[in-house]
Amino acid sequence: MSAPLLAEFDNPDALVRAMRLAAADGHRALDAFTPFPVPDLTNAFAPPRNLVRPVMALTGFGAAAAMYALQWYSSVIDYPLNTGGRPLHSWPVFLLVPFEFGVLIAAITGLIALFWTCGLPRLHHPLFAIPQFERVSQDRFLLLVASKDTDATALRESLERAGALLVAEMHP
Amino acid sequence: MSGHAQPHRWIARERLGYGEICAAVADPIQRRGPGRAWVIAFLGVLPLVLATVIAIGAVLTVGIGLSGVNTTVVWGFSIANYVWWIGIGNAGTLISSMLLLTRQHWRASINRFAEAMTLFAAAIAGIFPIIHLGRPLYSYWLAPYPNTMDLWPQWRSALVWDFWAILSYLLFSLIFWFTGLLPDLATMRDRAQSRFGRRLYGALALGWRGSARHWAVYETFHKTMAALAVPLVCSVHSIVGLDFAASLMPGWQESIFPPYFVVGAMYSGFAMVVVLAIIIRWGLNLQAVITPAHFDAMAKVMLFASIVMTFSYATEWFMGWYGGDHADRAVIAYFFTGDYRWLYYCLLFCNCLVPQALWFARVRLNLWALAIISIVINLGMWLERILIVWNTLSHGHAVSLWRTYHVSFYDVVILIAPLGLFAFGFLVLARIFPIVSIHEVSQLAHDEGAARGGTA
């Protein structure tokens, strides 16, 4: 098996076309690098289990429940204070703080989950060594494909036909 | 101010390649100096920043007596300013999140600075309750923590709700803003020429490399945050409304207050976004991505909010009369005939009458008219907040307590100077971070077909 090929495009539509052609030929697209999310690509490469939402829901509701429990414990058990004859367990107003707190904790853990799944933060990555990779965040769209054959010429030609400006071999 | 036809609705150029978008947003920061207007503005706001710091220092050392509050009108400028600033912040989040959820792609060019506006406005708003506490050194008592006094916060107190609302809102806005900024920080890193720039943006971009796998997770997170932001914003301003509505005062104890505050916040916030958009569009030459269509859309939101506000005022009057309570009726009468009546007429003029001009497309497309109307709305909304405080407190249940508020010098400083702090924050931010979302505008250019054929 040859080294994976990295093809450079100047628009996302050509990249998606090339990816479909390569996939139809039995090659395996490994990843794509784009300056903005392209729906066809995010669908193709979406992780099988996206943990962000379950994690956010779990920690958000958990934090809200914990905050409610704290309010209940502090105002019913630990420090009961009769304010104008209101019930010690004033549940309607006890809902406000847990909501705010739950949303905050969900946001924080969601960010952590995002970093965790993406392997961020990191200060360097081998990809950054590739010439032109700095344009991925600006105006270039890169597709990384593994050829199914030992000789990658067929894949290279198919990528070039699809509009690749440059096709390079990636050696890890 | 160009009313003539443009090639794309949200992009005012025939062709706008991805590279051009990056250059248009990043180059003013990385390749060009600040420019004369920026320097003048920066020097202009510095005294105001200083004045804010001095005013806060003075009220922390001397005490709340510096303000015009008295034993009857115990709330004053600080509370009105707090409500006003948090309202400004609200629209930033609403623009970002609600328009993201409803797939209004035009938000791409304005959401970034709307979010930054939220961040600064919420931070400034958070100052006011603390400096109004009277004993600000005990402000940390609002947080529940194990302490030797064996005390807990009073969870039924509106002040505790405010604490959590502002804290959550501020940190949430920071995360939301940073998430949107992350891919743009990578762009800045990759375009940086100086060693310092590469290090600064390189560290802040956290190694973002635009992988399709990352984008998939990123979009999930961003959309989920937007979905959380809408109820959060509504809850934050509802809690601000509850500060009043949870009391027993005539004119405050109204169930309409929370929603009426949320719409009011959206109203003044959109007006502020319009003002900022006009300034930023001019200052950073962003005519290509902030188009007349953007202003048209925002003006329509303001017009809608104006109508809702007018309806809310009318409901307030009607319910005061229909409820039949003497104190409520007396306060409503006091609105129109009392000590602050001229301010109340001013409020109605600013919030209900002037924005009706936005029915006309010619007004919506005239940036001068739009800027003036937006400033008038912000003025009107501040008057509304101060009058909510003053009218009720000056005309409560106990007739023997009726007094009016007398504005002090400190009040005027604490009203005006934070505007300079806000501008200062924006000016600094505009020199460091992209003030328009590069990746979202690129996507918009792609969807609108303006980036067709790629770039050389």
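Quick check, is B:T220 without any contact (Cβ under 8 Å) to a residue 40 or more places away in the chain, under 23 Å from B:R103 (Cα atoms), of a type outside the set (F, W, Y) and crowded, with 21+ Cβ neighbours inside 10 Å? Full working, then the answer.
Numbers: without any contact (Cβ under 8 Å) to a residue 40 or more places away in the chain: yes; under 23 Å from B:R103 (Cα atoms): yes; of a type outside the set (F, W, Y): yes; crowded, with 21+ Cβ neighbours inside 10 Å: yes.
When the stated conditions are applied, B:T220 passes them.
In region B:143-169, which residues are among the hydrophobic types (A, V, I, L, M, F, W, C) and surrounded by 19 or more Cβ atoms within 10 Å (Cβ to Cβ)? Reasoning before the result, please.
Step one: of region B:143-169, the residues among the hydrophobic types (A, V, I, L, M, F, W, C) are B:143, B:149, B:151-152, B:155, B:158-161, B:163-167.
Residues satisfying the conditions are B:W152, B:W155, B:A158, B:V160, B:W161, B:F163, B:W164, B:A165, B:I166.
Here are some residues: A:A44, A:A3, A:A57, A:A63. Which one is crowded, with 19+ Cβ neighbours inside 10 Å, touching a residue at least 24 places away in the same chain (Cβ under 8 Å) and either more than 7 Å from chain B (Cβ to nearest Cβ) or under 22 Å from the mean Cα position of the chain (by Cα) (or both)?
Details: A:A44 fails: crowded, with 19+ Cβ neighbours inside 10 Å; A:A3 fails: crowded, with 19+ Cβ neighbours inside 10 Å; A:A57 fails: crowded, with 19+ Cβ neighbours inside 10 Å.
After applying the criteria, what remains is A:A63.
Assuming B:I372 fulfils every condition listed in (1) at pLDDT 90 or above; (2) in contact with a helix residue (DSSP H, G or I) (Cβ under 6 Å, 6 or more places away or on another chain) apart from one, which condition is it?
Only one criterion in (1) at pLDDT 90 or above; (2) in contact with a helix residue (DSSP H, G or I) (Cβ under 6 Å, 6 or more places away or on another chain) is unmet by B:I372, namely (2).
Limited to region B:61-84, what total is found for residues that are surrounded by fewer than 13 Cβ atoms within 10 Å (Cβ to Cβ) and aliphatic (A, V, I, L, M)? Even if it seems obvious, please write down each step before you answer.
Initially, region B:61-84 is screened for residues surrounded by fewer than 13 Cβ atoms within 10 Å (Cβ to Cβ), giving B:61-63, B:65, B:71.
Still in the running and aliphatic (A, V, I, L, M): B:62.
Residues in region B:61-84 being surrounded by fewer than 13 Cβ atoms within 10 Å (Cβ to Cβ) and aliphatic (A, V, I, L, M): 1 in total.
Rundown of residues vs (1) of a type outside the set (D, E, K, R); (2) facing another protein chain (nearest Cβ under 9 Å); (3) under 30 Å from B:Q30 (Cα atoms), yes/no style:
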residue: B:Y138; (1), (2), (3): yes, no, no
residue: B:P153; (1), (2), (3): yes, yes, no
residue: B:Y169; (1), (2), (3): yes, yes, no
residue: B:F176; (1), (2), (3): yes, yes, yes
residue: B:T179; (1), (2), (3): yes, yes, yes
residue: B:T187; (1), (2), (3): yes, yes, yes
residue: B:S194; (1), (2), (3): yes, no, yes
residue: B:L200; (1), (2), (3): yes, no, yes
residue: B:A205; (1), (2), (3): yes, yes, yes
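Condition first: touching a helix residue (DSSP H, G or I) at 6+ places or on another chain (Cβ under 6 Å) and farther than 23 Å from B:I372 by Cα. Now tell me which residues in region B:295-320 satisfy that.
The answer is B:S312, B:W317, B:G320.
Considering B:S374, B:S442, B:S400, which residue is hydroxyl-bearing (S, T, Y), part of a helix (DSSP H, G or I) and within 14 Å of chain A (Cβ to nearest Cβ)?
Details: B:S374 fails: within 14 Å of chain A (Cβ to nearest Cβ); B:S400 fails: within 14 Å of chain A (Cβ to nearest Cβ).
The conditions single out B:S442.
Looking at region A:66-88, which of its residues are touching a Pro at 6+ places or on another chain (Cβ under 8 Å), closer than 12 Å to B:Q154 by Cα and more than 9 Å from chain B (Cβ to nearest Cβ)?
Result: A:L88, single match.
I'm trying to understand the selection: among the residues of region A:1-40, which are part of a loop (DSSP other than H, G, I, E, B), touching a Pro at 6+ places or on another chain (Cβ under 9 Å) and among the aliphatic types (A, V, I, L, M)?
Result: A:A3, A:V38.
Please work out if A:A106 is within 20 Å of B:L228 (Cβ to Cβ), aliphatic (A, V, I, L, M) and within 11 Å of chain B (Cβ to nearest Cβ). Working first, answer last.
Values: within 20 Å of B:L228 (Cβ to Cβ): yes; aliphatic (A, V, I, L, M): yes; within 11 Å of chain B (Cβ to nearest Cβ): yes.
Spelling it out, A:A106 is indeed within 20 Å of B:L228 (Cβ to Cβ), aliphatic (A, V, I, L, M) and within 11 Å of chain B (Cβ to nearest Cβ).
Among the numbered criteria (1) in contact (Cβ under 8 Å) with a residue 60 or more places away in the chain; (2) in contact with a helix residue (DSSP H, G or I) (Cβ under 7 Å, 6 or more places away or on another chain); (3) in a helix (DSSP H, G or I), which single criterion is violated by B:L358?
If we test B:L358 against (1) in contact (Cβ under 8 Å) with a residue 60 or more places away in the chain; (2) in contact with a helix residue (DSSP H, G or I) (Cβ under 7 Å, 6 or more places away or on another chain); (3) in a helix (DSSP H, G or I), just (1) comes out false.
If you scan region B:223-235, which residues turn out to be more than 7 Å from chain A (Cβ to nearest Cβ) and either crowded, with 23+ Cβ neighbours inside 10 Å or in contact with an Asp or Glu (Cβ under 7 Å, 6 or more places away or on another chain) (or both)?
At the first step, the residues of region B:223-235 found to be more than 7 Å from chain A (Cβ to nearest Cβ) are B:223, B:226-227, B:229-231, B:233-234.
Residues satisfying the conditions are B:A229, B:V233.
List pairs: first in region B:51-72 and in contact (Cβ under 8 Å) with a residue 12 or more places away in the chain and assigned to a loop (DSSP other than H, G, I, E, B), second surrounded by 12 or more Cβ atoms within 10 Å (Cβ to Cβ) and among the hydroxyl-bearing types (S, T, Y), Cβ under 7 Å, 6+ apart or cross-chain?
Pairs that qualify, where the first residue is in contact (Cβ under 8 Å) with a residue 12 or more places away in the chain and assigned to a loop (DSSP other than H, G, I, E, B) and the partner is surrounded by 12 or more Cβ atoms within 10 Å (Cβ to Cβ) and among the hydroxyl-bearing types (S, T, Y), are B:S67/B:S78; B:S67/B:S408; B:S67/B:Y410; B:G68/B:Y405; B:G68/B:S408; B:T72/B:S394.
Each row is one residue, and each column tells you yes or no for (1) within 13 Å of B:P418 (Cβ to Cβ); (2) of a type in the set (A, V, I, L, M, F, W, C); (3) surrounded by fewer than 24 Cβ atoms within 10 Å (Cβ to Cβ).
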residue: B:I86; (1), (2), (3): yes, yes, no
residue: B:A91; (1), (2), (3): no, yes, no
residue: B:L100; (1), (2), (3): no, yes, yes
residue: B:I110; (1), (2), (3): no, yes, no
residue: B:A116; (1), (2), (3): no, yes, yes
residue: B:A122; (1), (2), (3): yes, yes, no
residue: B:G126; (1), (2), (3): yes, no, yes
residue: B:P129; (1), (2), (3): no, no, yes
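Step by step: first the residues of region A:41-88, then only those that are of a type in the set (A, V, I, L, M, F, W, C) and assigned to a loop (DSSP other than H, G, I, E, B), then the one that is modelled with the lowest pLDDT. Which residue is that?
In the first step, residues of region A:41-88 are kept if they are of a type in the set (A, V, I, L, M, F, W, C); the result is A:41, A:44-46, A:51-52, A:55-58, A:61, A:63-67, A:69-70, A:72, A:76-77, A:81, A:88.
Subset that is assigned to a loop (DSSP other than H, G, I, E, B): A:46, A:51, A:81, A:88.
Values: A:A46: 81, A:L51: 87, A:L81: 87, A:L88: 90.
Looking at residues that are of a type in the set (A, V, I, L, M, F, W, C) and assigned to a loop (DSSP other than H, G, I, E, B), I get A:A46.
Which members of region B:28-43 meet the condition of being assigned to a helix (DSSP H, G or I) and either within 17 Å of B:R191 (Cβ to Cβ) or of a type in the set (F, W, Y) (or both)?
If the condition is that a residue be assigned to a helix (DSSP H, G or I) and either within 17 Å of B:R191 (Cβ to Cβ) or of a type in the set (F, W, Y) (or both), then B:P28, B:I29, B:Q30, B:W38, B:F42 are the ones that fit.
Name the residues in region A:109-128 that are modelled with pLDDT of 90 or more and either within 9 Å of chain B (Cβ to nearest Cβ) or in a loop (DSSP other than H, G, I, E, B) (or both), would you?
Within region A:109-128, A:G110, A:L111, A:A113, A:L114, A:F115 meet the criteria.
Hey, can you tell me all the residues within region A:89-103 that are surrounded by fewer than 12 Cβ atoms within 10 Å (Cβ to Cβ) and either in a helix (DSSP H, G or I) or within 7 Å of chain B (Cβ to nearest Cβ) (or both)?
Pass one, region A:89-103, residues surrounded by fewer than 12 Cβ atoms within 10 Å (Cβ to Cβ): A:89, A:91-92.
Listed by number, the residues that qualify are A:W91, A:P92.
Across region B:236-246, which residue is farthest from the other protein chains (Cβ to nearest Cβ) among those that are of a type in the set (A, V, I, L, M, F, W, C) and assigned to a helix (DSSP H, G or I)?
Our first condition is that a residue be of a type in the set (A, V, I, L, M, F, W, C); within region B:236-246, this holds for B:236, B:239-240, B:242, B:244-246.
Next, from what is left, pick out any that are assigned to a helix (DSSP H, G or I): B:236, B:239-240, B:242, B:244-245.
Details: B:V236: 8, B:I239: 6, B:V240: 12, B:L242: 8, B:F244: 15, B:A245: 12 Å.
Within region B:236-246, the match that is farthest from the other protein chains (Cβ to nearest Cβ) is B:F244.
State the number of residues belonging to region A:130-172 that are among the β-branched types (V, I, T), in contact with a Lys or Arg (Cβ under 7 Å, 6 or more places away or on another chain) and at pLDDT below 80.
Qualifying residue count for the region: 0.
The values are calculated or read from the model by the stated rules, or taken from the named source; none is laboratory data. Please read all numbers here as calculations on a predicted model, not as lab measurements. Virtual Cβ from ideal backbone geometry, glycine too; neighbours counted across all protein chains shown.
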